[in-house]
2 protein chains.
Amino acid sequence: MTFTQMLAAAWQQRDSLLCVGLDPDPAKFPAHLAGCDDAFFRFCAAIVDATADLVCSFKPQIAYFAAHRAEDQLEALIAHIHDRHPGIPVILDAKRGDIGSTAEQYAREAFERYRADAVTVNPYMGHDSLTPYLAYADKGVILLCRTSNPGGSDLQFLDVGGEKLYERVARLAAEKWNSNGQVCLVVGATFPAEIARVRRMVGAMPLLVPGIGAQGGDIEATVKAGCDTQGGGLMINSSRAILYAGRGEDFAAAARRVAHDTRAAINLFR
Amino acid sequence: MTFTQMLAAAWQQRDSLLCVGLDPDPAKFPAHLAGCDDAFFRFCAAIVDATADLVCSFKPQIAYFAAHRAEDQLEALIAHIHDRHPGIPVILDAKRGDIGSTAEQYAREAFERYRADAVTVNPYMGHDSLTPYLAYADKGVILLCRTSNPGGSDLQFLDVGGEKLYERVARLAAEKWNSNGQVCLVVGATFPAEIARVRRMVGAMPLLVPGIGAQGGDIEATVKAGCDTQGGGLMINSSRAILYAGRGEDFAAAARRVAHDTRAAINLFR
């Protein structure tokens, strides 16, 4: 099954547009995990097991593992998701971007080493920096378009001849780079008007929307701006608000409650 | 010593603007390294030891290690450079770019885990995605500006109101983001006219110039376009042409000959 097919099935079977971001920060782990050699894996796997029936995807962020020499735990975590919760796509949030020969190595890292179903990629270096990812025809390639952070406007909001740079990225993605139906876009929840513009430009292309929860994006505005004509098409990411909902031994149950409520809040407006 | 100071000293002491890129591809290793558990380290360390007196910097590319689960060998390689060849700055070529909380993790990965002196960063997400790197005041932050690949023009060459996007990046780098004197720019050797434009915009800011050698950039045009008023200011990168100059047991000696000749070819036009 391709990433796009897995995602469509997960949306339907779990009635959920929620993506849980796995950004493990050991400073915020519950005390009973302190000092465990595999604390990153145990923390994230507990979150995964507690929320898997509520989500359309999981999105581990590789920096949180790499900063702590925990690549092996990231591999184990993705294998755990595939083994225990088959059918839920895993997005490796890595935001890579490099020339073709190096991008081949990054694609190999994401899809062969980590067995991710999709990877986030930065479009600044253009089409040939994307080709090595697109060569994995069953995998998803999720391009940064309009990011949720304040500095996103420094370049992405520049006018490039009647449209903004992020709109140009959306148009290139829809018209040139998606011949195989495997491209998606990142559009931040902090800018609902821009989610709506991107949606009009890209038809039913799936959008990964970070920025609700800790970053302050509004769920109602995001859903109304971003859903496709079928009331779907979104992976609405929440990381910190779910991961750190509780700080005790019952952290996974607390995460489940927030994930449940977030899914419901999203579904209210579809 | 800061990255900028190390670089200035290395330029002078070694009379060299040459940066050797360490992109280890096991398919191209000499036969006697096949099957070694630490082939990535041994290959790169041999290149380093054979060329250290000829270069102003080394630039390991993390993707080549990460695709093969060789992060430990990358750590060992950078430690080897610091221990055996003190004073030569190490640039971790990673091209990261993410929101602040994640960028903190990437900065920690580059500067604390790997002990790099500088890291390459993608500017697409704007100022707050750079802040966590800039917070390491003694480290270099090398922003993608005008990349050497064909697709670089897709976005970087767009007109954003009287200047191209890459020129806006150069201007933001020079006027807003470099308050601590630690920012550098990547400008590809395949576009000498654009190197010259960037040089005029950024004064003496160091430029990392990939694209000579295997990618076809012209050394004379690069040096004439890119040197600052003192005949310096460049890190001219060559990777494959040096690393794979020889394929036998004498590969390091072959690499040294090409590095020697490349340094001389560069110095001819300063």
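Brief remarks on what is shown
- Residues that are within 16 Å of B:Arg197 (Cα to Cα) and either more than 10 Å from chain A (Cβ to nearest Cβ) or buried (at least 22 other Cβ atoms within 10 Å of the Cβ) (or both), drawn from the range B:170-184: B:Ala170, B:Arg171, B:Ala173, B:Ala174, B:Glu175, B:Cys184
- In the range A:131-143, the qualifying residues are those that are of a type in the set (A, V, I, L, M) and out of contact with any helix residue (DSSP H, G or I) (no Cβ under 6 Å at 6 or more places or on another chain), and the one that is farthest from the other protein chains (Cβ to nearest Cβ) is A:Ala137.
- Some residue of the range A:250-266 being in a loop (DSSP other than H, G, I, E, B) and more than 21 Å from A:Cys44 (Cβ to Cβ): no
- Residue, surrounded by the fewest Cβ atoms within 10 Å (Cβ to Cβ), within the range A:211-270, restricted to residues that are of a type in the set (S, T, N, Q) and within 19 Å of the chain's Cα centre (by Cα): A:Asn267
- Extreme residue, surrounded by the most Cβ atoms within 10 Å (Cβ to Cβ), among residues of the range B:1-36 that are of a type outside the set (A, V, I, L, M, F, W, C) and not in a loop (DSSP other than H, G, I, E, B): B:Gly21
- Filtering the range A:140-151 to residues that are buried (at least 23 other Cβ atoms within 10 Å of the Cβ) and part of a loop (DSSP other than H, G, I, E, B) leaves A:Thr147, A:Asn149.
- Output for the range B:220-256, where each listed residue is closer than 23 Å to B:Lys28 by Cβ and in contact with a strand residue (DSSP E or B) (Cβ under 9 Å, 6 or more places away or on another chain): B:Ile236, B:Asn237, B:Ser238, B:Ser239, B:Arg240, B:Ala241, B:Ile242, B:Leu243, B:Ala255
- Of all the residues in the range B:189-206, those that are assigned to a loop (DSSP other than H, G, I, E, B) and at pLDDT 95 or above number 4.
- Candidate set: the range A:154-169, residues that are assigned to a loop (DSSP other than H, G, I, E, B) and touching a strand residue (DSSP E or B) at 6+ places or on another chain (Cβ under 8 Å); chosen: the one farthest from the other protein chains (Cβ to nearest Cβ): A:Phe157
- Flag if A:Ala137 is in contact (Cβ under 8 Å) with a residue 12 or more places away in the chain, of a type in the set (Gly, Ala, Ser) and part of a helix (DSSP H, G or I): no
Residue-by-condition table, conditions (1) at pLDDT below 95; (2) in contact with an Asp or Glu (Cβ under 7 Å, 6 or more places away or on another chain):
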residue	(1), (2)
B:Cys227	no, no
B:Gln230	yes, no
B:Leu234	no, no
B:Leu243	no, yes
B:Glu249	no, no
B:Ala253	no, no
B:Arg257	no, no
B:Asp261	no, no
B:Ile266	no, no
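- Check on B:Ala27, without any contact (Cβ under 8 Å) to a residue 12 or more places away in the chain and either of a type in the set (A, V, I, L, M) or in contact with a helix residue (DSSP H, G or I) (Cβ under 7 Å, 6 or more places away or on another chain) (or both): yes
- Residue count for the range A:1-46 satisfying the condition of being among the small types (Gly, Ala, Ser) and closer than 19 Å to A:Asp93 by Cβ: 4.
- Qualifying residue in the range A:188-198 (condition: in contact with a Pro (Cβ under 9 Å, 6 or more places away or on another chain), of a type in the set (S, T, N, Q), in contact (Cβ under 8 Å) with a residue 40 or more places away in the chain and under 27 Å from A:Val48 (Cα atoms)): yes
- Unmet criterion (only one of (1) modelled with pLDDT under 95; (2) assigned to a strand (DSSP E or B)) for A:Leu185: (1)
- Within the range A:185-208, being among the hydrophobic types (A, V, I, L, M, F, W, C), buried (at least 18 other Cβ atoms within 10 Å of the Cβ) and closer than 17 Å to A:Val141 by Cβ holds for A:Leu185, A:Val186, A:Val187, A:Val198, A:Val202, A:Met205, A:Leu207, A:Leu208.
The values are calculated or read from the model by the stated rules, or taken from the named source; none is laboratory data. As the structure is a computational prediction, the values presented were derived from the model and not from experiment. Virtual Cβ from ideal backbone geometry, glycine too; neighbours counted across all protein chains shown.
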